[in-house]
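Okay, structure first, notes after.
The values are calculated or read from the model by the stated rules, or taken from the named source; none is laboratory data. Bear in mind the structure is a predicted one, so any value in this text is a computation, not a measurement. Backbone-built Cβ (ideal geometry, glycine too); neighbour counts: all protein chains shown. Accessible surface is based on the protein model in full, side chains and every heavy atom, while ligands, DNA and RNA are left aside. Shrake-Rupley method; radii C 1.70, N 1.55, O 1.52, S 1.80 Å.
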Amino acid sequence: MTAQTPDPHGDDLRAVVIDLSERLKAVEARLGIASQAVVTREPSPAESEVVEASAREQQDSLEFEVGQNWFALIGIVVLAIGMAFLLSLPFAGLPAVLPSVAGYAICGIMLLLARFSQRSFETLSKYLRGASMLLLFFATLRLFYFGETLALQTESLVGRAIFIAVLALNLTLAWRRDSQPLFFIAMLTGYATAVAVDSTGFLLGLVTVLAFLVVYVRIKRQWRNLAPLGFVLSMATYAIWAVGNPVVGNTAAIQREAQLAVYFIPLWMAVFSAGTLLRENLEKEHTNVQVTGLLVCGMGFGVFFLHNLIAFDTTFIVSHLLASAVLLVLAVAFWKREQSWFSTFIYAMTGYMALSFALMKAFAVPEVFVALSLQSLVVIATAIYFRSPFIIVTNCLIFIGIIVGYVVVAEAEQGMSIGFGIVALVSARVLNWQQERLSLKTDLMRNAYLAIAFVVFPYALYYLVPAAFVAVSWVGIALFYYGMNLIMRNRKYRWMGHMTLILTALYVLIIGTSQLESHYRIITFFVLGTIMLVVSLAFTMVRGRRQQNQETGESGE
């Protein structure tokens, strides 16, 4: 056998592979990519030390977070609560103003500590400022409450001036520190001041000022969360006042005297909505914008409606018309400024709801159902302007609810169902006319309104027309649909005519043969049979004409 000679290129190829492997490992190490080699190896001592050091660093970070930040916050909160309880003691035998003076002194010390510690203990400094702001308000509150003898009365001009001065000091401190949490604390003391003074005029005025101030700061500093938080505090303050302000020891009772108070709620709704409407970034509706809209339309209008319903019956219509106008203007503003779909929808539907409540209060049953059905046309018109299919769908469901409500409530048919049918036909026609503007890809909504008309017209005539002429009147409806088909060139009306004739035939065969007198029965059969034959002949002629046009190459309808 001949000895195998070594391949001179084998060693070179092996060297190249080894070199490429080393280079690949170097690239993976540089990019931080873990090696996918099949053969695993134990980490080196140096690598083990790095992993252990990273784990210890994470544990130390968590421990320092708990020990430095959490304990500082809890400790300051506990001390502040303890100081508040101390200030609330009666201190019999001492001057009434002394506990508040002591509280002011402690606040001053806490602010000095916060200032001197802001470089070395920044977190502790922030907590001290927040606690001092709350304690400053509580020390002021001690002048008017808790003691056996009170230093001041909330009705006094001096007392209210002190409250305002403390609020101004807190707001200034929060503004200068450019701190959103501190500004929220200042807001909280402001709304608490409105409750503590226990005066209708003072409360409404201060809440209005705070609303404008919160919106200004939200726009100026771009603090997104201020608007929803401020609105919640505003409505909570109003709700406390509306039930008699039991927080300060009053007997709980619905406020029924200050009728003008409810008009402040639409004002606050407009102010806080402007805070989101005038923001700089209009490209996207952030969560806080949508939350603000939900709060304004849900919580705001809810409190407004309930207080009006319970306490202010005489001003219910006017106030709801005003609220409807405010909400619809806001919907238009959101649409014009940023083409918003969510805010436009929620404000518009709440505005329509306010208008519906006003109509329900203005009209008696069953006339109110006519007014509500006409409102449906207004809703469709504005929905077309807003290009909102969501409003169209919601309005259709509400319109169906109006018809069902009328059928349930009305003791006898008075012809109003005919109006419902006309509104349904007009709505379908308008939707067909503006389908491109609404971006409706299907005929679902138009078909829904046509279906409503198809059901409502026979229902109305069944109760309005004598039983002997019900079938004849239904034939008249079918002829009306055929006429609409000739005018509008829309085969949907033709199909409605077909279905109405079929419905009439079923009625005649099931009911007419057994309940109608003989001469009326004969007339009904002759009329229905004649019309159906005429329709059949008409379609036969149309089909023949089409076939003839196709054979001659002409286009025909």
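Quick grid of which residues meet (1) over 28 Å from Y507 (Cβ atoms); (2) surrounded by fewer than 16 Cβ atoms within 10 Å (Cβ to Cβ):
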position: P389; (1), (2): yes, no
position: L397; (1), (2): yes, yes
position: I402; (1), (2): no, no
position: L431; (1), (2): yes, no
position: Q434; (1), (2): yes, no
position: A453; (1), (2): no, no
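Hey, any hits in the range 306-324 for a residue that's buried (at least 23 other Cβ atoms within 10 Å of the Cβ) and under 18 Å from the mean Cα position of the chain (by Cα)? Yes, the range 306-324 contains at least one residue that is buried (at least 23 other Cβ atoms within 10 Å of the Cβ) and under 18 Å from the mean Cα position of the chain (by Cα).
Residues in the range 438-454 that are at pLDDT 65 or above and farther than 11 Å from M496 by Cβ: D443, L444, M445, R446, A448, Y449, I452.
Of the residues screened, V365 is not one that is out of contact with any Leu (no Cβ under 8 Å at 6 or more places or on another chain), at pLDDT 90 or above and open to solvent by 10 Å² or more (accessible area, probe 1.4 Å).
Of the helices (runs of 4 or more DSSP H) lying entirely inside the range 117-214, those containing at least 2 residues that are modelled with pLDDT under 95 and under 24 Å from F264 (Cβ atoms) are 157-176, 180-197. Of all the listed residues (F137, F144), the sole one being open to solvent by less than 40 Å² (accessible area, probe 1.4 Å), among the aromatic types (F, W, Y) and out of contact with any Leu (no Cβ under 7 Å at 6 or more places or on another chain) is F137. Here is the figure for the range 168-218: residues that are within 22 Å of A131 (Cβ to Cβ) and free of Cβ contacts under 8 Å to residues at least 24 places away in the same chain total 4. There is at least one residue in the range 287-294 that is open to solvent by 30 Å² or more (accessible area, probe 1.4 Å), part of a helix (DSSP H, G or I), aliphatic (A, V, I, L, M) and over 30 Å from F420 (Cβ atoms).
Of the numbered criteria (1) surrounded by 21 or more Cβ atoms within 10 Å (Cβ to Cβ); (2) within 18 Å of F301 (Cβ to Cβ), the one N245 fails is (2).
Residues of the range 455-485 that are modelled with pLDDT of 85 or more and open to solvent by 40 Å² or more (accessible area, probe 1.4 Å): V455, Y459, Y462, Y463, L464, L479, F480.
Residues considered: R446, R387. Of these, the only one that is among the basic types (K, R), farther than 30 Å from T292 by Cβ and out of contact with any His (no Cβ under 8 Å at 6 or more places or on another chain) is R446. Could you grab me the full set of residues in the range 267-286 that are in a loop (DSSP other than H, G, I, E, B) and either among the hydroxyl-bearing types (S, T, Y) or in contact with a Phe, Trp or Tyr (Cβ under 6 Å, 6 or more places away or on another chain) (or both)? If the condition is that a residue be in a loop (DSSP other than H, G, I, E, B) and either among the hydroxyl-bearing types (S, T, Y) or in contact with a Phe, Trp or Tyr (Cβ under 6 Å, 6 or more places away or on another chain) (or both), then E285 is the only one that fits.
Residue-by-condition table, conditions (1) crowded, with 22+ Cβ neighbours inside 10 Å; (2) of a type in the set (A, V, I, L, M); (3) more than 20 Å from N245 (Cα to Cα); (4) under 27 Å from the mean Cα position of the chain (by Cα):
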| position | (1), (2), (3), (4) |
| --- | --- |
| R176 | no, no, yes, no |
| P181 | no, no, yes, yes |
| L188 | no, yes, no, yes |
| V197 | no, yes, no, no |
| T200 | no, no, no, no |
| V207 | yes, yes, no, yes |
| Y216 | no, no, yes, yes |
| R221 | no, no, yes, yes |
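Scanning the range 457-507 for residues that are assigned to a loop (DSSP other than H, G, I, E, B) and of a type in the set (A, V, I, L, M, F, W, C) gives a single hit, V465. Contact map, the range 235-251: first residue free of Cβ contacts under 8 Å to residues at least 60 places away in the same chain and of a type in the set (S, T, Y), second residue open to solvent by less than 50 Å² (accessible area, probe 1.4 Å) and in a helix (DSSP H, G or I), Cβ cut-off under 7 Å, separation 6 or more or different chains; pairs are T237/Y191; T237/A194; T237/V195; T237/L203; T237/V207. The single residue among I346, I402, I310 that is among the hydrophobic types (A, V, I, L, M, F, W, C), in a helix (DSSP H, G or I), in contact (Cβ under 8 Å) with a residue 40 or more places away in the chain and in contact with a Leu (Cβ under 7 Å, 6 or more places away or on another chain) turns out to be I346.
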